[in-house]
Amino acid sequence: MKKILLVLLVLLGQQTQAQINLCDSLSYTAVDLGQGMTVTGESSGLDNMADSIEWIWTACNSTTCFTGTGDTYNFWNILTTDTVKLCYDAYVYSFDTIVCTHCDSLVYDFMTDNWMLMNISNPTTIKELISYNAVGNKTYDVLGRKWTCSFANLPKGLYIINNKKVLKTE
């Protein structure tokens, strides 16, 4: 049966093609020339596939976001001491318009004089925390000693009763 299906596919000229994502061919470089961060969009992989590309940049430090347009843009207000969130929207004009959006967090590496991607690790495991609910009006003092007498007979002080802090003043 498999051979028959294979022969039919070959005879009918069925072909499978890999899907091409134009956004995968875009990248950028970020450098500091002593006058802020300069970013340059790179699209050499799209030279024969796109009519033109419009770059829109956003760079945010801890207080303000700045925007700019063009293949190359200089963010004068971004300093090498900043942690920067750099984003671009690239409008790729070919047969239709495709918008590619990408964001990175960058820090300046003074050892190599380059802007580097921040090493932000994603969580690998998230476990649900189970809270402990005390039963039976258990009473402890701040030193962790268990008290078995009634609240009225406790001396003045701070206690933990059923996971709540209670201050006895009388």
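The values are calculated or read from the model by the stated rules, or taken from the named source; none is laboratory data. Keep in mind that this is a model prediction, so the values were computed, not measured. Here the Cβ positions follow ideal geometry from the backbone for every residue, glycine too, while neighbour counts run over all protein chains shown.
Within region 103-110, the presence of a residue that is at pLDDT below 85 and acidic (Asp, Glu) is excluded. Within region 125-160, being surrounded by 13 or more Cβ atoms within 10 Å (Cβ to Cβ) and either modelled with pLDDT under 85 or part of a loop (DSSP other than H, G, I, E, B) (or both) holds for Ala134, Lys138, Leu154.
With a cut-off of at least 2 residues that are touching a residue at least 40 places away in the same chain (Cβ under 8 Å) and either of a type in the set (Gly, Ala, Ser) or surrounded by 13 or more Cβ atoms within 10 Å (Cβ to Cβ) (or both), name the strands (runs of 3 or more DSSP E) lying wholly within region 27-124.
Details: elements: 27-32, 37-42, 52-60, 65-69, 72-75, 84-93, 97-109, 114-117.
Output list reads 27-32, 37-42, 52-60, 84-93, 97-109, 114-117.
Let me confirm something: among Thr83, Thr16, which residue is modelled with pLDDT under 90 and β-branched (Val, Ile, Thr)? Only one candidate qualifies: Thr16.
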